[in-house]
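Engineer: To start, I am sharing the structure in question, which I have written as structure tokens.
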Amino acid sequence: MIGALVWLATANSGESQSYYKTISELGQMGERAHVKRIRVGGDVEDGSIQRKNNVVEFTLVQEKLKLKVAYTGSEPLPDTFRGGAQALADGKLGPDGVFQANKIQAKCASKYEAKPGLKPGQTPPNINPSKTI
């Protein structure tokens, strides 16, 4: 009984892990990147998002490395998906070097991180938190 519970708890853990590959790690995977489902992360390059019919194409950047991504999933893209946002693409690397994603997760780093010189949760001096818009 206990063995069955442990198996159930870990059986799908490989599919639901939040771990992702960097663009560099993806490049080092060789042929495995073409057959194995992978999550790859980076920043969405400003101005790279293009919608073509049912495909959204964009570029992920990480340091000086770039990866073209084509999203063909059925779910709408997250509200935070835009240039400069951190994103995770879930899919496989195509033979043409374009990452074929069927799922995208994104967050806007500037929305969640403290501005330079401020502590997390501290309001910038030019914003009056008691003033409503």
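Engineer: Being small (Gly, Ala, Ser) and over 24 Å from residue 33 (Cβ atoms) is the filter here; which residues of segment 51-89 pass it?
Structural biologist: Answer for segment 51-89, where residues must be small (Gly, Ala, Ser) and over 24 Å from residue 33 (Cβ atoms): 83, 84.
Engineer: Can you tell me which residues in segment 61-80 are part of a strand (DSSP E or B) and either of a type outside the set (A, V, I, L, M, F, W, C) or loosely packed, with under 13 Cβ neighbours inside 10 Å (or both)?
Structural biologist: 62, 66, 68, 71, listed by residue number.
Engineer: Okay, moving on. Only residues in segment 65-94 that are touching a residue at least 40 places away in the same chain (Cβ under 8 Å) count as the first member; pair them with residues that are surrounded by 13 or more Cβ atoms within 10 Å (Cβ to Cβ) and of a type in the set (D, E, K, R), Cβ under 6 angstrom, at least 6 apart or cross-chain, and list the lot.
Structural biologist: 86/43; 86/107; 88/39; 90/39; 90/103
Engineer: Continuing with the same structure: Among the helices (runs of 4 or more DSSP H) confined wholly to segment 11-59, which include 2 or more residues that are at pLDDT 90 or above, out of contact with any helix residue (DSSP H, G or I) (no Cβ under 6 Å at 6 or more places or on another chain) and within 16 Å of residue 96 (Cα to Cα)?
Structural biologist: 23-28, 32-35
Engineer: Go through segment 33-47 and give me each residue that's over 14 Å from residue 94 (Cβ atoms) and out of contact with any Leu (no Cβ under 6 Å at 6 or more places or on another chain).
Structural biologist: Answer for segment 33-47, where residues must be over 14 Å from residue 94 (Cβ atoms) and out of contact with any Leu (no Cβ under 6 Å at 6 or more places or on another chain): 43, 44, 45, 46, 47.
The values are calculated or read from the model by the stated rules, or taken from the named source; none is laboratory data. None of the values given here were measured: they were computed from a predicted structure. For neighbour counting, all protein chains shown are included, and Cβ atoms are generated from backbone atoms with ideal geometry for every residue, glycine included.
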